[in-house]
Amino acid sequence: MNNAIIKNVKIPSLENEVFHAVIMNGRYEKIVSAFSYHAEEMIKQEGSPNIEIIDAEGWIMLPTFTDIHTHLDKAYTYEQIPNKTGTLVEAIENYKELAGEFEVENIKKRMKKVLEQALANGTGRMRTHINVNSGPGGLKALQTACGLKAEYKNLIDLQVIAMIADPIEELKEDSSFLLSLIKNDIDGVGGAPHLSENCTEEIKILFAFAAEYQMLIDLHVDEQDDPAVRSIEEIIAQVKHYKYQRKTTVGHLCTLSAMETNEALSIIKEIVGESINIVTLPAANLCLQGRDDQKNVRRGTTRVKEFLANNACIAAASDNINDPFHPFGNADMLLTALMSAYANHLTGTEDIKKVFDMITKNPSEIFHEKVDIKIGEKADFVLLEGSSLADVLANQRPGRKVFRNGHWTSIRTVKQTVERGYNIHA
């Protein structure tokens, strides 16, 4: 269905008016006010057996979501790898001990579950971090994820980041592992160097590897409460050295919120000045950070408002889903947006628009795939049941209709009936 007319749709970027959107050859050809003189006549003229006319009934139209930071290999392992204390330390230890026991079919089944959920919820692009190591079976999850890129082509665009357990051993000293790694269809490399005693050296090795093979670099950065943890400073230095602007993404950045404001703002301005992409992960950080605080327990997320004030390219993402790091989640970016709004006081009228930019426009730029609802652009959208952006966030209704690559990839409508025929006595 490359040709369609979507009637009576609200497009927030064009204010809260109702529009008709004409799609021809998979692209937006016209977007006109539903109340204009020519609207109904346009439908009559454009209408033909080759053009499908859909009445959106006032639903919200947005670009499909981009979930720019996930962990498909860990998803839905919470029952097999529980976390009794709920802490980050135990999550890392338990997962490292038991992850190797999962067979490929189990890994693939769990990954597909997340992808199917994400698709139905309106996600069109996803980036996943996959743990890799040079031990037996250390690449099986990565190979599984790379295989799914082709399987889900035209449904969800998938980027795979190889999350290197020990860059010093596996990229610098173990050349056989390096050669095995680059044979896979990976988009970039990552890791969590701030957890290592050799943090600076690991960062240098990761950047050297990414630059040599022209890959993206996407790092877990300073996911701690101690303001003295500042691996971001070395990352900024490496971005300058390799001229890796716009190809570098940093997730978490929790320690910025623990620093004095003037120190944090200085680092934020450097990050923005070097065009480094930022990802806030509200679910995991609300869950894991601040656990030792005895009063005024911190929220744990990075300084989102300060990044927005400095015009940063900042996105929000779902991170871990039902695993020892975070036992909840359902691959729904509306839930991530709601948590971002709560965690960062993004409740003003303009703030709410920015929250939606953090799950659509901004992460698509990080993904290097532009999505927008404008004449001439590719039609790639989700219809959401709701009267406004605030209403969509507040009610989290399940109704979604997803259009990508010239056809509907998912349609979910739910009707609720309330029975009122009962007499209730106190």
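The values are calculated or read from the model by the stated rules, or taken from the named source; none is laboratory data. Computed from a prediction, not measured in an experiment: that's the story for all the values here. Cβ coordinates were reconstructed from backbone atoms using ideal geometry, including for glycine residues, and neighbour counts include every protein chain displayed.
Out of all the residues in the stretch 178-191, is one or more touching a residue at least 24 places away in the same chain (Cβ under 8 Å), outside any loop (DSSP other than H, G, I, E, B), crowded, with 20+ Cβ neighbours inside 10 Å and of a type in the set (Val, Ile, Thr)? Yes, the stretch 178-191 contains a residue that is touching a residue at least 24 places away in the same chain (Cβ under 8 Å), outside any loop (DSSP other than H, G, I, E, B), crowded, with 20+ Cβ neighbours inside 10 Å and of a type in the set (Val, Ile, Thr). Condition first: without any contact (Cβ under 8 Å) to a residue 60 or more places away in the chain, of a type in the set (A, V, I, L, M, F, W, C) and over 27 Å from Gln80 (Cα atoms). Can you find one or more residues in the stretch 119-141 that meet it? No; the residues of the stretch 119-141 include none that is without any contact (Cβ under 8 Å) to a residue 60 or more places away in the chain, of a type in the set (A, V, I, L, M, F, W, C) and over 27 Å from Gln80 (Cα atoms). Taken together, the criteria place Thr144 among residues that are polar (S, T, N, Q) and either under 28 Å from Ala315 (Cα atoms) or in the same structural domain as Lys401 (by TED's automatic domain parsing) (or both).
Here the strands (runs of 3 or more DSSP E) wholly within the stretch 312-426 that include at least 3 residues being of a type in the set (D, E, K, R) are 400-404.
Looking at Cys287, Cys313, just one residue is modelled with pLDDT under 95 and either in the same structural domain as Gly386 (by TED's automatic domain parsing) or out of contact with any Ser or Thr (no Cβ under 7 Å at 6 or more places or on another chain) (or both), and that residue is Cys287.
Cβ-Cβ contacts under 8 Å between residues 6 or more apart (or on different chains), taken from a first residue in the stretch 54-80 that is at positive phi to a second residue that is not polar (S, T, N, Q), are listed as Gly58/Val9; Gly58/Lys10; Gly58/Val18; Tyr76/Arg110; Tyr76/Lys113; Tyr76/Val114; Tyr76/Ile321; Tyr76/Asp323. Looking only at the stretch 220-252, filter to residues that are of a type in the set (Gly, Ala, Ser) and in a helix (DSSP H, G or I); which one of those is nearest to Asp319 (Cα to Cα)? This residue is Ser231. Residues considered: Phe356, Phe403. Of these, the only one that is hydrophobic (A, V, I, L, M, F, W, C), outside the structural domain of Trp59 (by TED's automatic domain parsing), within 25 Å of Val32 (Cα to Cα) and buried (at least 21 other Cβ atoms within 10 Å of the Cβ) is Phe356. Listed by first and then second residue, the pairs linking a residue in the stretch 359-371 that is under 17 Å from Asp332 (Cα atoms) to a residue that is part of a helix (DSSP H, G or I), with Cβ atoms under 7 Å apart and 6 or more places separating them unless they lie on different chains, are Ile359/Met333; Ile359/Thr336; Ile359/Ala337.
Reported count of residues in the stretch 146-174, each being more than 19 Å from Lys109 (Cβ to Cβ) and in contact (Cβ under 8 Å) with a residue 12 or more places away in the chain, is 16. When residues in the stretch 233-256 are screened for being crowded, with 24+ Cβ neighbours inside 10 Å, touching a strand residue (DSSP E or B) at 6+ places or on another chain (Cβ under 6 Å) and not hydroxyl-bearing (Ser, Thr, Tyr), 3 of them pass. Selection of strands (runs of 3 or more DSSP E) fully inside the stretch 45-111 by the criterion of at least 1 residues being of a type in the set (S, T, N, Q) and crowded, with 16+ Cβ neighbours inside 10 Å returns 65-70.
Pull up the stretch 301-332, narrow it to residues that are of a type in the set (Asp, Glu) and surrounded by fewer than 23 Cβ atoms within 10 Å (Cβ to Cβ), then point me to the one that is farthest from the chain's Cα centre (by Cα). The qualifying residue farthest from the chain's Cα centre (by Cα) is Glu306.
Annotation: Leu142 fulfils all but one of (1) in a strand (DSSP E or B); (2) within 26 Å of Lys96 (Cα to Cα); the unmet one is (1).
A residue that is at pLDDT 95 or above, more than 30 Å from Glu90 (Cα to Cα) and under 15 Å from the mean Cα position of the chain (by Cα) occurs nowhere in the stretch 333-347.
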